[in-house]
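Before any comments, here is the structure.
The values are calculated or read from the model by the stated rules, or taken from the named source; none is laboratory data. Please read these numbers as outputs of a predicted model, since none were measured by experiment. Note that each Cβ is placed from the backbone with ideal geometry, even for glycine, and that neighbours are counted across all protein chains shown.
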């Protein structure tokens, strides 16, 4: 008999390892990055969940902070660029001034589009996290929110297959490849 507590312990123990394995194997992200933040409530305090998504809808990185400032935006952009061998062509964000100020210091040569409506790709990507947050009856701590959202985003990317753009046969093939890659990553994580 497997209980919810067993699954929770399993995800705490192996979830980040699987997510990191998928992060190393994922293809190079797109050259358009959408940045956005959403407020989440943790123990009756508001915190910011910063997210970056490429033009294909894949979540690049997540950061939970207790403030919205230029310093936090710079930290998020630095964290996003860490380990990548390239910079994006375009950054799209809402009209929050922190993004522009941080981008000018870290990525001065990158084009920056600020619009209320161009950022819908990132706005929609908050929905899976919100759904899980409701099911879990809110996050318990900042560390819990950061750990869960980073792991959940990478694994959700792997199984989010954009079914509306695929025929039934293509969808089955892509789904089979996703499960083979998942089995490969989980087996390698258990052995390593």
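Report whether or not residue 47 is part of a helix (DSSP H, G or I) and either over 13 Å from the mean Cα position of the chain (by Cα) or without any contact (Cβ under 8 Å) to a residue 40 or more places away in the chain (or both).
no
Could you please let me know if residue 78 is in contact with a helix residue (DSSP H, G or I) (Cβ under 7 Å, 6 or more places away or on another chain), surrounded by fewer than 16 Cβ atoms within 10 Å (Cβ to Cβ) and in contact (Cβ under 8 Å) with a residue 12 or more places away in the chain?
Values: in contact with a helix residue (DSSP H, G or I) (Cβ under 7 Å, 6 or more places away or on another chain): yes; surrounded by fewer than 16 Cβ atoms within 10 Å (Cβ to Cβ): yes; in contact (Cβ under 8 Å) with a residue 12 or more places away in the chain: yes.
So residue 78 passes the test.
For segment 81-192, list the helices (runs of 4 or more DSSP H) that sit wholly inside it and hold at least 2 residues that are modelled with pLDDT of 75 or more and buried (at least 16 other Cβ atoms within 10 Å of the Cβ); which are they?
97-106, 142-159
Could you grab me the full set of residues in segment 50-79 that are within 14 Å of residue 154 (Cβ to Cβ), in contact with a strand residue (DSSP E or B) (Cβ under 6 Å, 6 or more places away or on another chain) and outside any strand (DSSP E or B)?
Across segment 50-79, there are no qualifying residues.
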